[in-house]
């Protein structure tokens, strides 16, 4: 699939992955597709926070495998069918089976200064928060040739200055991919719109009920963030059931929705929407009009 790369691999400590269960390994099919369209050294474009009006250039510097940085594609070995089957953090290290890869991230340069090239209107779209704040989303775009454009949504994990290796003392950004968003298309397959609406999050089992903010919404998912930046979300695993209670304060737009955790960081959580909850607590289905009404209400909150 992806072609061989120049250079050799270098290792450096990164943020250590949290404990995972045995079935938490990264999907091989996702990795193969990513290596094809996002190889190390490729020039990319990206949109910050789903703003298609703003497109910057960047470069994929390396991968982060279980907390170790590598800067060349030969750090990942492939089998005869082209599927990745092992990885290592440095040239003299033993190969580790790919099913032991629990944390995969992408390394790109800190291109914050590119904001200065924007006109006033587009700079205002980014806002005061800046594009690489932890928890923000960066949509990477790669040329897929005749297939179109490959898009991958990622979440900013952290801003770092590498302590060693070929890019020592260089400011970088570590991105965590949202694997379900990896797709080849001529445009984003699911449009997401920003909002700033209040929501109460309840985790199954009563582990938490607390105020959060909906920061963007699509037809099938919401991204929420803790309202108090000094607070943290509780431990939640992909697939956990949650309840979202939305009251927009106008006496008309009140919703109680069941969702499923897709991704969670300490401050943000992506939740797939399953459907509204009836008064008796039973789950109903979203019909197309109800979804449009929900999105319209959220987008007009505070307007």
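The values are calculated or read from the model by the stated rules, or taken from the named source; none is laboratory data. If you're wondering where the values come from, they're calculated on a predicted model, not measured in any experiment. Here the Cβ positions follow ideal geometry from the backbone for every residue, glycine too, while neighbour counts run over all protein chains shown.
Summary table
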| quantity | calculated |
| --- | --- |
| Failed condition for residue 210, given (1) under 17 Å from the mean Cα position of the chain (by Cα); (2) at pLDDT below 85; (3) surrounded by fewer than 16 Cβ atoms within 10 Å (Cβ to Cβ) | (1) |
| Hits in the range 96-111 - residues which are surrounded by fewer than 16 Cβ atoms within 10 Å (Cβ to Cβ) and closer than 13 Å to residue 46 by Cα | 109 |
| Residue match in the range 214-222 (condition: part of a loop (DSSP other than H, G, I, E, B) and either touching a strand residue (DSSP E or B) at 6+ places or on another chain (Cβ under 8 Å) or modelled with pLDDT of 85 or more (or both)) | yes |
| Any hit, the range 109-125, residues being in the same structural domain as residue 165 (by TED's automatic domain parsing) and assigned to a strand (DSSP E or B) | yes |
| Cross-chain or 6+ apart pairs with Cβ under 8 Å, the range 238-257 first and under 15 Å from residue 291 (Cα atoms), then in a loop (DSSP other than H, G, I, E, B) and modelled with pLDDT of 85 or more | 246/253; 254/248 |
